[in-house]
Amino acid sequence: MTAPEPINDGLRVLFVSHWFPRNEMDWGGIFVLEQAQSLRAAGVDVRVLVAEPKPAIAWRKPGSIARGFRDFFRTKQPQWQMQRGVPVAYVPMLTPHPWAWGALAPRSYIASLVRWRKALLADFKPQIVHAHTAFLDGYPAAWLARRLRVPMILGEATGPFSAIMTTPAQRRLTALAVNGADLLIPISDFQRRTMASAITLSPDLPIRILNYGFDPRIFHPSPLPPASPFRFVWIGQLNDNKQPLMLVEAFSLALKTRDDLRLTLIGHGPLEADVRQRIAAPELSGRIVLKPPTGRDGIAAALREHGALVASARTETFGVVIIEALGSGRPVLTTRSGGPEEIVESIHGGIVVDNTPDALASGLLRMADEAPRYDPVGLAEQAASLHSLDIVAQTLAAIYVATRKRNTA
């Protein structure tokens with residue numbers, strides 16, 4: 001695929017995001033980094049302000065409160081630093097007890113912007129502020145955009161969205177941020193519907209769905225591996241929402257019908273000990289392996305080594321690993337969880353099943369039979385035509401230009 005022409009009209013965009021990867025193994029917010037990199041490659045001057053949580057405050061320990069606030073206000077001025085080709089500045093944010101989290105964290109975020117906004121932006125005058133979550137980033141980003149007198153665009157990929165609806169303060173500040181945006185760009189139509197059911201969206205709020213992208217230079221097709229044993233790969237956080245234990249149960253059921261199935265789990269998380277204990281069972285020994293997280297190149301290699309990706313989430317706003325699998329020419333088996341089925345069904349790239357162990361077990365058997373019929377090159381080309389980083393960057397840059405024009409008309 002030919003790379004699009006760079007945009008060179010001097011666009012300057014400030015990302016505001018508390019999601020940003022700290023190292024190669026950190027998957028959190030990798031899409032923010034990759035989006036910034038692809039925009040900069042297209043000629044857009046992007047910088048990123050990242051909220052850096054300070055040590056948590058324990059409200060029943062007065063000394064902790066005093067130390068927390070003292071350390072927060074003694075933080076030295078952040079400096080721009082290059083992180084994998086992107087200028088990034090880390091601003092401190094208080095992390096209080098959960099009951100005060102919704103009110104204090106975003107306000108401490110703003111306090112840091114009040115303190116250092118002029119110094120950080122002395123040589124960089126943003127024309128767009130782009131917040132990457134409604135909470136925690138949206139409220140501080142809206143405050144900053146008003147001070148700079150520029151539009152604020154709000155992206156939203158938090159999943160599940162209910163996670164930022166746990167306190168009255170969170171709900172109120174999230175609604176203020178969303179309805180204060182000049183444009184809302186949820187990551188999927190599922191996310192848009194979820195947001196509309198959780199908060200009241202202004203009827204005048206412009207909304208446009210914008211998926212995240214993948215890099216075809218890293219995730220590219222290769223011939224399918226041998227059909228037997230058939231190997232599935234699962235990639236994600238080992239937590240309740242991703243349901244790795246449900247997948248292991250479904251895999252155990254599928255083995256009763258076809259014993260040449262294999263499963264590789266890649267990730268870590270709070271359920272890791274439980275997963276290790278379950279896959280050590282005699283009937284699963286040697287058939288399921290658990291591997292630690294890896295970087296993008298490692299994920300790409302793992303996808304090419306397996307016949308299909310399986311995703312088992314309860315709720316998923318989008319699923320970056322799903323487009324990475326399709327871009328690698330691998331079909332996807334996913335539970336019906338929101339965003340993933342939008343991707344898979346849009347390009348006929350796999351199988352969607354109900355969110356139960358029995359349905360997932362049946363899906364594993366069906367995918368093992370059907371995967372050899374998929375054309376890896378065709379899947380990859382379809383995925384790239386919709387979801388490559390270059391395509392997403394060009395679309396997003398055009399959105400910035402249109403938003404600026406609309407707000408200056």
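The values are calculated or read from the model by the stated rules, or taken from the named source; none is laboratory data. Because the structure is a prediction, the values reported are computed rather than measured. When we count neighbours, we look across all protein chains shown, and the Cβ atoms used for this are built from the backbone with ideal geometry, even at glycine. For the accessible areas, the whole protein counts, side chains as well, though only heavy atoms, and no ligand, DNA or RNA atoms are used. Shrake-Rupley method; radii C 1.70, N 1.55, O 1.52, S 1.80 Å.
Name the most mobile residue of Asp354, Asp215, Asp204, meaning the one with the largest mean-square fluctuation, in a Gaussian network model of the chain with Cα contacts below 10 Å.
Asp204
Taking +1 at the Cβ of each Lys and Arg and -1 at the Cβ of each Asp and Glu, which of Thr395, Gly29, Phe69 sits farthest along the dipole of the chain towards its positive end, judged by Cα position relative to the Cα centre?
Farthest along the dipole direction, towards plus: Phe69.
Which entries of Lys76/Lys291; Lys125/Lys242; Lys54/Lys242; Lys54/Lys118 show an alpha-carbon separation above 30 angstrom in the structure shown?
With Cα atoms farther than 30 Å apart: Lys76/Lys291; Lys125/Lys242.
Considering only protein heavy atoms and a 1.4 Å probe, what is the carbon-and-sulfur percentage of the accessible area of the chain?
Result for the chain: 53 percent of the exposed heavy-atom area is carbon or sulfur.
Which of these, Ile288, Ile207, Ile322, has the largest mean-square fluctuation under a Gaussian network model of the chain (Cα springs below 10 Å)?
Result for the chain, Cα springs under 10 Å: Ile207 fluctuates most.
Where is the GNM fluctuation largest for the chain (alpha-carbon springs, 10 angstrom cutoff): Pro87, Pro270, Pro244?
In this elastic network of the chain, the residue with the biggest mean-square fluctuation among Pro87, Pro270, Pro244 is Pro270.
Given Cα pairs under 8 Å that are at least 6 residues apart, what percent is the relative contact order of the chain?
Relative contact order comes out at 15 percent.
Leaving out ligands and nucleic acids, and using a 1.4 Å probe, what accessible area per residue does the stretch 317-409 come to in Å²?
36 Å²
Tell me the mean residue ellipticity at 222 nm calculated for the chain from its helices only (DSSP H runs of n ≥ 4, each -39500 (n - 2.57), averaged over every residue, nearest 500).
-13000 deg cm²/dmol
Accessible area per residue for the stretch 79-195 in Å², computed with a 1.4 Å probe and the full protein assembly in place, what is it?
Here the per-residue accessible area is 36 Å².
Given a cut-off of under 8 Å on Cα pairs at least six residues apart, what relative contact order in percent is computed for the stretch 312-385?
Once divided by the residue count of the stretch 312-385, the mean separation gives 35 percent.
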